[in-house]
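S.K.: Following this message is one structure expressed as structure tokens.
The values are calculated or read from the model by the stated rules, or taken from the named source; none is laboratory data. Remember, it's a predicted structure, so these values are computed and weren't measured experimentally. Reconstructed Cβ throughout: ideal geometry from the backbone, glycine too, with neighbour counts over all protein chains shown.
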Amino acid sequence: MSIESSLHGLIKRLRRGRPQRAAAVAIMVSALLTASVESSPIQEQKDKKKPAAQEPSRRDDGKVPTGKELEKAKKQEEVRAAQAKLSPAEVIAEFSIIAYGGRKQIETARAAIQETGTIRLATDQGDLTGNYLLRSIRKEKSWLDLLRVDLELSSADSQSQSTPPIKYVIGFNGASVWSAQNGQYVSPRAGADIAFRAQLTHEYMALLRYKEDGSKLEVVGPEKVVGVDTNVVELTTPDGEKTRFWLSTKTYRILHCEYELKLAEGQPPTKYRLDYYYTPFSNAVVQNTLLPVRREMKQDGKFVQEVKVTSATYSAKLEPEIFQHLQE
């Protein structure tokens with residue numbers, strides 16, 4: 001299959017028809033922002049067997065609470081929670097914030113971020129693979145964050161070295177979503193807009209910023225996932241959007257989340273699931289905060305994308321103009 005035919009199919013789905021699959025292609029660029037360290041339940045179960053001495057060194061000499069440090073922090077937080085009269089769900093979320101580096105450190109380090117890595121997308125015409133660059137600037141509310149993702153995609157079946165990659169850009173400027181294909185602006189469909197912006201309100205950082213956003217939390221209940229004990233917490237944003245998060249009861253890291261999006265009128269909601277992985281651990285700590293270095297997304301139970309973060313820079317120097325138009 002040629003890259004040209006894959007590009008034709010990609011553009012066709014983005015511009016018209018098949019709103020759910022098209023949104024999956026748009027959300028490919030969306031599932032990037034935000035962080036933790038302990039794979040899926042299966043990976044966590046495997047990590048239990050590994051002695052602490054074998055843990056890889058941490059990038060930037062970063063430090064996050066582990067072991068006894070986390071237990072001590074939890075006891076201190078329990079005292080504070082009792083004084084502040086936090087709900088059970090808020091207590092779990094506060095423990096998770098500690099595990100990710102602490103509220104102040106997260107806010108400071110992630111004021112502006114840049115992530116690079118690779119991406120694999122499942123489409124009706126075969127897999128697309130390539131590189132991605134994500135840039136973001138934090139605002140006072142999660143749904144106002146500036147966000148831009150640049151992709152260079154090639155068909156996994158292409159054997160031609162001379163065929164140029166597909167260059168796709170999608171961005172959110174704080175008010176609306178815009179996109180471009182191979183240097184030319186194209187109008188994103190309503191479904192693509194919804195899917196892209198979902199990462200600002202449905203991914204793991206939404207839980208870590210629940211207080212700043214004014215979101216409500218509720219404990220759905222404990223649940224054992226592949227032998228791992230988890231707390232299930234449902235987050236509801238001020239405008240009513242809901243996301244469920246599964247957190248390890250041992251590490252308070254987010255293992256996966258689930259949410260639904262209504263991409264088009266007259267059609268049933270599309271169900272999304274994001275699994276977060278945190279190995280190699282040496283890449284998962286950036287400026288004393290945790291980052292999921294691999295993320296897998298499923299749409300209505302089917303795999304649609306995988307993102308692997310190979311490099312992350314926090315407190316990055318970013319110009320606001322890059323979120324407005326195509327300039328580099």
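S.K.: Do the conditions hold for VAL219, that is, is it surrounded by 20 or more Cβ atoms within 10 Å (Cβ to Cβ), touching a helix residue (DSSP H, G or I) at 6+ places or on another chain (Cβ under 6 Å), within 16 Å of TYR252 (Cβ to Cβ) and of a type in the set (A, V, I, L, M)? Working first, answer last.
M.R.: Values: surrounded by 20 or more Cβ atoms within 10 Å (Cβ to Cβ): no; touching a helix residue (DSSP H, G or I) at 6+ places or on another chain (Cβ under 6 Å): yes; within 16 Å of TYR252 (Cβ to Cβ): yes; of a type in the set (A, V, I, L, M): yes.
Considered against the rule, which asks whether it is surrounded by 20 or more Cβ atoms within 10 Å (Cβ to Cβ), touching a helix residue (DSSP H, G or I) at 6+ places or on another chain (Cβ under 6 Å), within 16 Å of TYR252 (Cβ to Cβ) and of a type in the set (A, V, I, L, M), VAL219 comes out as no.
Listed here are the residues, each with its yes/no results for (1) modelled with pLDDT of 95 or more; (2) farther than 14 Å from ARG253 by Cα.
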| residue | (1), (2) |
| --- | --- |
| PRO41 | no, no |
| LYS75 | no, yes |
| GLY126 | no, yes |
| LEU134 | yes, yes |
| ILE137 | yes, yes |
| ARG148 | yes, yes |
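Yes/no matrix, rows are residues, columns are (1) among the hydrophobic types (A, V, I, L, M, F, W, C); (2) outside any strand (DSSP E or B); (3) without any contact (Cβ under 8 Å) to a residue 40 or more places away in the chain:
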residue	(1), (2), (3)
ASP229	no, no, yes
GLY240	no, yes, yes
PHE245	yes, no, no
TYR252	no, yes, no
GLU260	no, no, yes
LEU263	yes, yes, no
GLY266	no, yes, yes
GLU296	no, no, yes
ALA312	yes, no, no
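S.K.: Still on this model: Given (1) in contact with a strand residue (DSSP E or B) (Cβ under 7 Å, 6 or more places away or on another chain); (2) surrounded by fewer than 18 Cβ atoms within 10 Å (Cβ to Cβ); (3) touching a residue at least 24 places away in the same chain (Cβ under 8 Å), identify the lone condition not met by PRO280.
M.R.: Exception for PRO280: condition (1).
S.K.: Something else now. With the requirement that a residue be part of a loop (DSSP other than H, G, I, E, B) and within 19 Å of the chain's Cα centre (by Cα), what does the stretch 268-279 give you?
M.R.: Step one: filter the stretch 268-279 for residues part of a loop (DSSP other than H, G, I, E, B), giving 268-269, 278-279.
Result: TYR278, THR279.
S.K.: Pairs please, first residue from the stretch 81-93 and closer than 13 Å to ASN231 by Cβ and surrounded by 18 or more Cβ atoms within 10 Å (Cβ to Cβ), second anywhere and among the acidic types (Asp, Glu) and at pLDDT 95 or above, Cβ atoms under 6 Å, 6+ apart in sequence or on different chains.
M.R.: Partner pairs satisfying both residue conditions: ALA89/GLU218.
S.K.: Related question: Please determine whether any residue of the stretch 149-156 is in contact with a Leu (Cβ under 6 Å, 6 or more places away or on another chain) and assigned to a helix (DSSP H, G or I).
M.R.: The answer is no, given that none of the residues of the stretch 149-156 is in contact with a Leu (Cβ under 6 Å, 6 or more places away or on another chain) and assigned to a helix (DSSP H, G or I).
S.K.: For the condition over 19 Å from the mean Cα position of the chain (by Cα), modelled with pLDDT of 95 or more and of a type in the set (A, V, I, L, M, F, W, C), what is the one hit in ALA89, ALA84? Even if it seems obvious, please write down each step before you answer.
M.R.: On the way: ALA84 fails: modelled with pLDDT of 95 or more.
Testing whether each residue is over 19 Å from the mean Cα position of the chain (by Cα), modelled with pLDDT of 95 or more and of a type in the set (A, V, I, L, M, F, W, C) leaves just ALA89.
S.K.: For the list (1) modelled with pLDDT of 95 or more; (2) outside any strand (DSSP E or B), I need the number of the one condition that GLU218 fails.
M.R.: All conditions are met except number (2).
S.K.: Restricting to the stretch 276-306, what's the tally of residues that are under 23 Å from LEU261 (Cα atoms) and among the aromatic types (Phe, Trp, Tyr)?
M.R.: 2
S.K.: With the requirement that a residue be crowded, with 21+ Cβ neighbours inside 10 Å and part of a helix (DSSP H, G or I), what does the stretch 166-193 give you?
M.R.: GLY191, ALA192
Okay, residues lined up against (1) without any contact (Cβ under 8 Å) to a residue 40 or more places away in the chain; (2) out of contact with any Gly (no Cβ under 7 Å at 6 or more places or on another chain); (3) surrounded by fewer than 20 Cβ atoms within 10 Å (Cβ to Cβ):
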residue: GLN105; (1), (2), (3): no, yes, yes
residue: THR108; (1), (2), (3): no, yes, yes
residue: ALA111; (1), (2), (3): no, yes, yes
residue: GLU115; (1), (2), (3): no, yes, no
residue: GLY130; (1), (2), (3): yes, yes, yes
